[in-house]
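First the structure, in the form of structure tokens, and then the observations on it.
The values are calculated or read from the model by the stated rules, or taken from the named source; none is laboratory data. The structure presented is a predicted model; accordingly, all values stated were derived computationally and were not measured. Quick reminder, even Gly has a Cβ in these numbers, built from the backbone with ideal geometry, and neighbours come from all protein chains shown. Ligands, DNA and RNA are stripped out before the accessible areas are found, and what is left, the full protein with its side chains, is counted by its heavy atoms. Shrake-Rupley method; radii C 1.70, N 1.55, O 1.52, S 1.80 Å.
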Amino acid sequence: MELLQSGLKLRQLQVFREVLRAGSTRRAAMALGISQPAVSQHVKQLEAMLGILLFKRSANRIVPLQEAWELLRNVELALTSLNRLEASIFAMKNDEKQRIAIAAPSVFGFVTLPRVVATIRSKTATTVRSISGSYDQIGEHILAGRADLGISRLPLDPRLFEWAPLGSARNVCIFHPDHRFAKQARIEAHDLAGETIVDIDPQFAAHQMNFNALRFAGVEPDILVEFDCNGHEAGYVSAGLGISITNEIIAREYAAFNLEAKPVEPSALYHYVAIWQKGRTFSNALNICLEAIVSAFVPTTLVSAHTRTTRILPETV
């Protein structure tokens with residue numbers, strides 16, 4: 001508050017953030033639509049107000065110091081909160097003409113999020129921003145105010161989040177329709193002997209579970225390629241380059257690919273939820289958005305019996 005009273009301006013913080021994002025005062029000036037000298041002046045004024053040197057200057061360039069990066073985190077939070085406040089006030093004045101940000105792993109952009117957006121647009125004038133990330137990053141987006149709602153998995157910290165259940169899923173093996181697995185009721189660890197596998201990075205728990213099961217069965221996995229987020233495996237598998245293990249909810253997103261799915265054992269159980277920051281007040285548009293997310297996950301089960309192959313098909317909206 002004292003800093004604000006002493007003359008610290010919102011514009012200075014916005015310019016400071018853009019300089020770090022753009023990497024130079026020239027590119028920041030272009031992004032902001034102001035002159036390069038004006039950018040430099042705003043930065044100097046900010047340093048004077050804070051009494052902190054944020055940049056090292058040399059040869060007409062400014063290089064961010066560690067203090068600048070540390071300040072940026074708090075500036076991002078503050079500006080994001082102000083943007084949320086502005087959007088909330090705009091929504092109150094303009095009924096439901098607001099923008100809602102949904103954070104979710106990028107794989108949900110194949111099937112689920114398009115269904116969500118279609119429902120929202122049929123009921124409101126709200127626009128949607130999609131933000132991708134890992135499950136940990138989804139929580140960070142929510143807490144930082146960058147996203148209003150998220151699609152994630154349990155467990156979550158109930159002190160920080162509230163959530164609505166979306167569905168539960170077990171593991172499935174996905175493969176090309178011409179693969180020998182199409183004739184089996186389910187896939188077990190020993191069936192993967194000799195199979196080329198498209199697998200998620202070792203930092204993921206699913207990787208450890210799958211590989212432990214294989215090695216317990218005396219099978220050393222033959223990895224073709226590792227991918228760093230769900231969704232990347234579908235292209236390799238549909239090209240007939242290998243098989244992959246995921247879960248029913250993720251596999252549903254692959255409706256546009258030529259894939260089939262079978263239950264796989266051993267299997268884990270995953271609980272998907274729509275999440276938001278604890279204590280968040282919902283507008284009518286946000287309630288509609290949450291309802292759209294929940295309805296987009298019904299039904300969630302791809303493999304309803306262990307006696308048949310399931311072709312991954314698109315669901316009607």
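Mind giving me the FRET efficiency for I34 and D157? R0 is 41 Å, r the Cβ-Cβ distance, nearest 0.05 is fine.
0.50
Given points 7 Å out from each Cα along the Cα-Cβ axis, report the R73 to N284 separation in nanometres with one decimal.
4.1
Which whole-Hz ³J(HN,Hα) couplings does the stretch 108-117 yield from phi under the Karplus relation 6.51 cos²θ - 1.76 cosθ + 1.60, θ = phi - 60°, glycine and proline marked x?
Whole-Hz 3J(HN,Hα) from phi for the stretch 108-117: 6, x, 6, 10, 5, 5, x, 5, 4, 5.
Compute the length gained on full extension between R27 and I223: take 0.36 nm times their separation in residues and subtract their Cα-Cα distance, giving the result in nm to one decimal.
66.3 nm
Quote the FRET efficiency, to the nearest 0.05, computed for H190 versus L143 with a Förster distance R0 of 41 Å and r equal to the Cβ-Cβ distance. Write out the running numbers ahead of the final one.
Details: r = 43 Å, r/R0 = 1.06.
Here the calculated transfer efficiency is 0.40.
Using the eigenvalues of the Cα gyration tensor, what equivalent ellipsoid semi-axes result for the stretch 103-158 when each is taken as the square root of five times the eigenvalue, whole Å, largest first?
Each semi-axis is √(5λ); the values are 21, 13, 10 Å.
How far, in nm, would the chain grow between R61 and E265 when pulled straight, counting 0.36 nm per residue and subtracting the alpha carbon separation? If you can, show how the numbers build up before the last one.
Working: separation 204, 0.36 × 204 = 73.44 nm, distance 5.83 nm.
Here the answer is 67.6 nm.
Can you give the accessible area of T196, probe radius 1.4 Å, in Å² rounded to 10?
Accessible surface of T196 is approximately 40 Å².
Taking all protein chains in place and a 1.4 Å probe, what share, in percent, of the accessible surface of the stretch 212-283 do carbon and sulfur account for?
The value for the stretch 212-283 is 52 percent carbon and sulfur by accessible area.
So with the 1.4 Å probe, I'd like the accessible area per residue for the stretch 11-89, rounded to whole Å².
Dividing the accessible area of the stretch 11-89 by its residue count gives 59 Å².
What is the extension gain from K123 to S81, computed as 0.36 nm multiplied by their sequence separation minus the C-alpha to C-alpha distance, in nm to one decimal?
Gain in length upon complete extension: 12.5 nm.
Taking H placed 1.01 Å from N in the peptide plane, check which residues at least 5 places from G167 or on another chain put their amide H under 5 Å from its amide H.
Y272
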